[in-house]
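Worksheet: one structure, shown below.
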Protein chains: 2
Amino acid sequence: MGISGYSCGMSEARTRGRPRTFDRDAALATAVRLFWERGFEATSVGELTTAMGIRPASLYAAFGDKKALFREAVEVYGRSPVGAFVAEALAEEETARGAFARILRDAARIYADPSHPAGCLAISAATNVTAQDAEVAAFLRDVRNAGVAAFEDRLNRAKKDGELPAEADAPALASYFTAVVQGLSQRARDGATAEELARVAELALAAWPGGR
Amino acid sequence: MGISGYSCGMSEARTRGRPRTFDRDAALATAVRLFWERGFEATSVGELTTAMGIRPASLYAAFGDKKALFREAVEVYGRSPVGAFVAEALAEEETARGAFARILRDAARIYADPSHPAGCLAISAATNVTAQDAEVAAFLRDVRNAGVAAFEDRLNRAKKDGELPAEADAPALASYFTAVVQGLSQRARDGATAEELARVAELALAAWPGGR
DNA sequence: TCCGTTGTTGAGTCATCGCTCAACAAATGA
DNA sequence: TCATTTGTTGAGCGATGACTCAACAACGGA
């Protein structure tokens, strides 16, 4: 897959000049994994180029700079199954309750899946940054807060549909489910198993208006 | 100086040689604030010495190295009201339910208090670190996981006391409340207000066995 | 065939990182 | 008074950070 028409399966405009000697998408996947594991600043360009098997100048020619590469990595992650499960649940589930139940259960399973780094890249990859990378942290913060807004929209729709009572506190519920999802990510990074997180998800669902 | 018996209030053994020209506790408080704000690696020794008003060699003479300073900062933070509220609630509240309700409400209020950095230092100060600082991340991870164990102990006591039914899932509840507290910290760092987090805390309490 | 374009290569830029050292300054004990 | 001890100072160490540049290599178009 690609961002908006890069060298992805469906290729791109014919290029002149020397063709790239490495797979741009594979390199991007490598970047996703490293940023996911260690975070933005703790992953050096040297580690990235070594893992990609290329030289620094090739990375800069292909991606711009480290921040641009990170932004692309976040977008790729967000379109991967692991990064898109929240949006998919919100879009596909008929009821809000079903959507949030699925989100929590998926988060428990996915965040602790040992086949990839624990937790969520968007939650944990830019929490500790220097002043010069504040924009990167702000970028991910905006992504997270957009998630809160999406939760709130879904909850308000549920109120309009009558699924939730009129007195339900949509902003608080949106913030609550966000906090739980972020907490699941942290717990996964701290070593919690999928089984443990699955039980946490069930407990968290008790906050749904009307109870368990 | 000493690692066990700092120059806190109750002073320390009489020193020979030239006396320190700066307040060690005040310097430590500065370190707490900077590490709390930016995290371990994103806070440079240069920033620390500038904020403390001292030269690097003075910092190293007084604290050892950057990691040792961080460990001391974490201990000081943990003894401050802001860092000790969890332990205090567990120790002082008669019922487990009262303890966890107080923990969540305190977390909501304290993590979003604008008079200091948002969230919890132990939760957010060493999430993105390079391989060479892995021990620092492990140190805070152990602190957090010790918190989970403390939660579980309190919940098991509640089961023995009959406050919780025998079939209550203490490990899952401990992990759940940990996740919520960590989520509150993250939400606070992302800009959530104390009012918003207070409503989140009330929602989270609905998971208590027996419901709301 | 030769040109223009693009990518790779290896060396190297400059800034900052954590940290240290020799010289000097200020205290105590003899 | 003077030796000892401890802290401060200013300069600077080696390593690593992100990033760049000139030279070379591989392609398409004319």
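Observations, loosely collected:
- Applying D = kT/(6 pi eta Rh) to the stretch B:91-163, where Rh is the Kirkwood radius over alpha-carbon pairs, T corresponds to 20 °C and eta to 1.002 mPa s, the Stokes-Einstein value obtained is 150 µm²/s.
- Computing Rg and the Kirkwood Rh from the Cα coordinates of the stretch B:24-77 gives a ratio, Rg/Rh, of 0.89.
- Using all pairs of distinct alpha-carbon atoms, the Kirkwood hydrodynamic radius of the stretch B:116-212 works out to 15.0 angstrom.
- Assuming charge only on the beta carbon of Lys and Arg (+1) and of Asp and Glu (-1), the dipole of the stretch B:81-207 about its Cα centre is about 140 debye to the nearest 20.
- Accessible surface, chain A, averaged per residue in Å² (probe 1.4 Å): 45 Å²
- Counting, for every residue in B:144-151, the Cβ atoms of other protein chains within 10 Å of its Cβ and taking the mean gives 2.
- Lysine pairs in the protein assembly as shown whose alpha-carbon atoms fall under 30 angstrom of each other, counting only those eight or more residues apart or on distinct chains, come to 4.
- Rg over Rh [alpha-carbon atoms, Kirkwood Rh] for the protein assembly as shown: 1.01
- Across the identical copies, how the B:Ala68 labels are spaced - nm, sorted shortest first, 7 Å along Cα→Cβ: 4.5
- Dipole-positive endmost among A:Ile103, A:Ser58, A:Ala126 within chain A (Cβ charges, Cα centre): A:Ser58
- Accessible surface of the protein assembly as shown [probe 1.4 Å, protein heavy atoms]: carbon and sulfur percent: 54 percent
- Of the DSSP H helices in chain B, those whose Cα atoms cover at least 18 Å axially and whose Kyte score averages -1.0 or more: B:24-38, B:66-79, B:96-111, B:134-160, B:170-189
- Counting only the Cα atoms, chain A fills a convex hull of 132 Å³ per residue.
- Dividing the summed -39500 (n - 2.57) terms of all DSSP H runs of n ≥ 4 by the residue count of chain B sets its mean residue ellipticity at 222 nm at -20500 deg cm²/dmol.
- Teacher prompt: B:Glu93 distances to equivalent labels in other copies, 7 Å Cα→Cβ, nm: 2.8
- Its Cα centre serving as origin, the protein assembly as shown has a Cβ charge dipole (Lys and Arg +1, Asp and Glu -1) of approximately 1060 debye.
- Loss of accessible area when B meets A, both sides summed, Å² nearest 100, probe 1.4 Å: 3400 Å²
- With label points defined 7 Å past Cα in the direction of Cβ, position B:Ala134 shows copy-to-copy spacings of 3.3 nm, given to one decimal and shortest first.
The values are calculated or read from the model by the stated rules, or taken from the named source; none is laboratory data. Bear in mind the structure is a predicted one, so any value in this text is a computation, not a measurement. Every residue, glycine as well, gets a Cβ built from its backbone with ideal geometry; the counts of neighbours run over all protein chains shown. The area values use the complete protein model at the heavy-atom level, side chains included, leaving out ligands, DNA and RNA. Shrake-Rupley method; radii C 1.70, N 1.55, O 1.52, S 1.80 Å.
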